[in-house]
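S.K.: A single structure is presented below for examination.
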Amino acid sequence: METTIEVRDVHKRFGSVRALDGMEFTVPPGQVTGFVGPNGAGKSTTMRVILGLDRPDAGTALVGGRRYQELRTPFTHIGALLDAAAVQPARTARHHLLWLAHSQGLRAGRVDEVLRQVGLRDAADRRAGGFSLGMRQRLGIAGALLGDPPAVMLDEPFNGLDPDGLRWMRGFLATLAGEGRAVLVSSHLMGELQDTADHVIVVGRGRVVADTSVRELLESVSRGQVTLRTSARADAMTVLARAGATVSSTAPGTVTVTGLPAERVVSLLAGHGVPFAEVAAHRASLEEAYMELTRDAVQFHGILPEEGGR
């Protein structure tokens, strides 16, 4: 069942716009891989290339070692959700899925199985045009699962989900990966990916800028920083600086320490009689890491109200 998604040195232009500039990464089976980047970074184009919807100018994208166009029954190799609105509104959820199943030669009984899997069994005979965005997301995911594929690719699957739906989605993606599937998830909701993805691919300006585990990425951005709260800020900064730390005052009564672990900070302060209320190792968020990595790759910058004037 194990299948790998591979993107190999893919280049793509649309007129004068360079959408992909050597995009290259691998999505292995058995884990959730997050796929993040600013608008215009090439995420959607990459996913379309993987599905054969856009033809690359150079390079190749493979699913299980073959191009999508070479797959006789593609739904049994990779399932994808790129646009939750891509459904005929007059069709019921069941009829939409039956049409997809028929187009791939899949058994009709699979339709009720995936409807139950995504929690839409009670809405199976309702017209899709009356569905909320969250329900359309679930319907699109049901379509992606029709062929029971070993690889799944989802674009912004968290959009439109309520808190219960978000919790379900996190568990659902973990289950897919636990079954040995390769799972690629594009999302702008960093908090959801941080709690869901094992690995993350960060892209900017059509190429990969980071390809690492979420844990390693957060550790690298955290840089061993420690936050200290103390009523003797000047004394604390002097003691810690003499021990080789880099210290800065970020707010009244708060000191940021780099270069010493939290345990060493506590030992030094206690040994010199410097009072402190809290010492905590700083743990960066995925959003913080993302913002740092893509700072120079953002193409469209807005202006805050106070910056724009009147």
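The values are calculated or read from the model by the stated rules, or taken from the named source; none is laboratory data. Predicted model, so just to flag it, every value in this text is computed and none were measured. Note: ideal-geometry Cβ built from the backbone for every residue, glycine included; neighbour counts use all protein chains shown.
S.K.: So is R110 closer than 30 Å to T26 by Cβ and basic (K, R) or not?
M.R.: yes
S.K.: For the subset of segment 163-198 comprising residues that are touching a Gly at 6+ places or on another chain (Cβ under 6 Å) and part of a loop (DSSP other than H, G, I, E, B), which member is surrounded by the most Cβ atoms within 10 Å (Cβ to Cβ)?
M.R.: For segment 163-198, the residue satisfying everything is A197.
S.K.: Here's a follow-up. I'm trying to understand the selection: among the residues of segment 258-269, which are of a type in the set (V, I, T), modelled with pLDDT of 90 or more and under 13 Å from Q225 (Cα atoms)?
M.R.: Listed by number, the list holds a single entry, V265.
Table: residues versus (1) at pLDDT 95 or above; (2) farther than 22 Å from L106 by Cα; (3) among the acidic types (D, E); (4) in the same structural domain as G65 (by TED's automatic domain parsing).
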position	(1), (2), (3), (4)
D125	yes, no, yes, yes
L133	no, yes, no, yes
L154	yes, no, no, yes
D162	no, yes, yes, yes
R181	yes, no, no, yes
V185	yes, yes, no, yes
V202	no, yes, no, yes
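S.K.: Scan segment 1-36 for residues that are of a type outside the set (A, V, I, L, M) and outside any strand (DSSP E or B) and jot them down.
M.R.: Within segment 1-36, E2, T3, T4, G15, S16, P28, P29, G30 qualify.
S.K.: Got at least one residue in segment 85-98 being of a type in the set (S, T, Y) and within 27 Å of the chain's Cα centre (by Cα)?
M.R.: Going residue by residue through segment 85-98, those that are of a type in the set (S, T, Y) are 92.
From what's left, within 27 Å of the chain's Cα centre (by Cα): none.
So far as segment 85-98 goes, no, none of its residues is of a type in the set (S, T, Y) and within 27 Å of the chain's Cα centre (by Cα).
S.K.: Scanning segment 61-76 for residues that are in contact with a Ser or Thr (Cβ under 7 Å, 6 or more places away or on another chain) and not in a strand (DSSP E or B), which turns out farthest from A142 (Cα to Cα)?
M.R.: Our first condition is that a residue be in contact with a Ser or Thr (Cβ under 7 Å, 6 or more places away or on another chain); within segment 61-76, this holds for 63-64, 67.
Still in the list and also not in a strand (DSSP E or B): 64, 67.
On the way: G64: 22, R67: 23 Å.
Out of the qualifying residues, it is R67.
S.K.: Counting just the residues of segment 5-40 that are surrounded by 15 or more Cβ atoms within 10 Å (Cβ to Cβ) and aromatic (F, W, Y), which one comes out nearest to G191 (Cα to Cα)?
M.R.: Only one residue fits best here, namely F35.
S.K.: Mind checking which residues of segment 174-220 are farther than 29 Å from T258 by Cα and of a type in the set (D, E)?
M.R.: E179 - this is the single residue of segment 174-220 that is farther than 29 Å from T258 by Cα and of a type in the set (D, E).
S.K.: Additional query: Of the residues R55, R110, which is among the basic types (K, R) and under 18 Å from G206 (Cα atoms)?
M.R.: Result of the check over R55, R110: R55.
S.K.: Please tell me if G79 is assigned by TED's automatic domain parsing to the domain that holds L176 and on the phi > 0 side of the Ramachandran plot.
M.R.: no
S.K.: Only one of G79, G129 is surrounded by 13 or more Cβ atoms within 10 Å (Cβ to Cβ) and either modelled with pLDDT of 95 or more or assigned to a helix (DSSP H, G or I) (or both); which? Full working, then the answer.
M.R.: Working: G129 fails: surrounded by 13 or more Cβ atoms within 10 Å (Cβ to Cβ).
After applying the criteria, what remains is G79.
S.K.: Another question, then. Enumerate the strands (runs of 3 or more DSSP E) found wholly within segment 207-300, keeping only those where 1 or more residues are over 31 Å from the mean Cα position of the chain (by Cα) and surrounded by fewer than 18 Cβ atoms within 10 Å (Cβ to Cβ). Steps first, please.
M.R.: Values: elements: 207-213, 226-229, 246-251, 254-258, 278-281.
Those strands (runs of 3 or more DSSP E) span 226-229, 246-251, 254-258, 278-281.
S.K.: Moving on to the next point. Restricted to segment 10-44, and to residues that are touching a residue at least 60 places away in the same chain (Cβ under 8 Å) and polar (S, T, N, Q), which residue is farthest from H77 (Cα to Cα)?
M.R.: So the residue we want is N39.
S.K.: Residue check: is P56 on the phi < 0 side of the Ramachandran plot, touching a helix residue (DSSP H, G or I) at 6+ places or on another chain (Cβ under 6 Å), outside any strand (DSSP E or B) and at pLDDT 95 or above? Let's see the steps before the verdict.
M.R.: On the way: on the phi < 0 side of the Ramachandran plot: yes; touching a helix residue (DSSP H, G or I) at 6+ places or on another chain (Cβ under 6 Å): yes; outside any strand (DSSP E or B): yes; at pLDDT 95 or above: yes.
For P56, the condition - on the phi < 0 side of the Ramachandran plot, touching a helix residue (DSSP H, G or I) at 6+ places or on another chain (Cβ under 6 Å), outside any strand (DSSP E or B) and at pLDDT 95 or above - is met.
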